[in-house]
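Contents: one structure, followed by commentary.
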Amino acid sequence: MKTLPPSVKQLLETAPNRALATYSDQNGINVIPVSVVKFSNDSEIILINFFMGKTIDNILEDNSVSLVAWDDMEGYQIKGTCDHTIDGDLFSEITEWAGVTFPDRSVNGLIQIKPKEIYNVSPLNNPGERIW
């Protein structure tokens, strides 16, 4: 699996604006704000399921997702596939971290995104260009 470009990882971690899009025949298109982005390695993006009802339903039917993050005039769209995980070492590690960082929330699972394509969504510098 390819390594995520450092500029993409940095923006995903720090961007004030992030959204995840999912789809299923039953629920249609669903887009939610994303509050936390982590990485399990240099090529997999982890989102924490604190309260993602319809999103998880969609993922269980169709695991294709699109994650977009932007800050001012810089942004990326990541298209890929994902799994929803509710146990294992990574789940335990992130649940422990989240318990300290977000004590008022409960971790209901992890969305593990495997990127397939990355696009520049900046209105400057070649908008729409596939960079990965």
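List of remarks:
- Its Cα centre serving as origin, the chain has a Cβ charge dipole (Lys and Arg +1, Asp and Glu -1) of approximately 260 debye.
- Spin-label model, Thr81 to Phe50: label points 7 Å out along the Cα-to-beta-carbon direction sit 3.0 nm apart.
- Of (1) 14.5, 41; (2) 14.0, 46; (3) 13.8, 40, the label for Rg and Dmax of the Cα atoms in Å derived from the coordinates: (1)
- Annotation for the stretch 1-18 versus the stretch 84-132: alpha-carbon center distance of 10 Å.
- Taken per residue, the accessible surface of the stretch 1-108 reaches 55 Å², heavy atoms only and a 1.4 Å probe.
- Where Glu117, Glu129 fall by accessible area, highest first, once all protein chains stay in place (1.4 Å): Glu129, Glu117
- Local charge for Asp42 was computed over the other residues whose Cβ lies under 15 Å away, with Lys and Arg +1 and Asp and Glu -1, and equals +2.
- For the stretch 1-125, the share of accessible area belonging to carbon and sulfur comes to 49 percent (1.4 Å probe, ligands and nucleic acids excluded).
- Phi-derived couplings, Karplus 6.51 cos²θ - 1.76 cosθ + 1.60 at θ = phi - 60°, listed residue by residue for the stretch 94-107: 6, 4, 5, 4, 5, x, 7, 6, 10, x, 8, 10, 10, 7 Hz, with x used for Gly and Pro.
- Glu93/Ile32 FRET efficiency (R0 25 Å; Cβ-Cβ; nearest 0.05): 0.60
The values are calculated or read from the model by the stated rules, or taken from the named source; none is laboratory data. Bear in mind that the values here come from a model prediction, so they are computed numbers and not experimental data. Ideal geometry is used to build each Cβ from the backbone, glycine not excepted, and the neighbour counts take in all protein chains shown. Note: accessible area is taken over every heavy atom of the protein model, side chains too, but ligands, DNA and RNA are not part of it. Shrake-Rupley method; radii C 1.70, N 1.55, O 1.52, S 1.80 Å.
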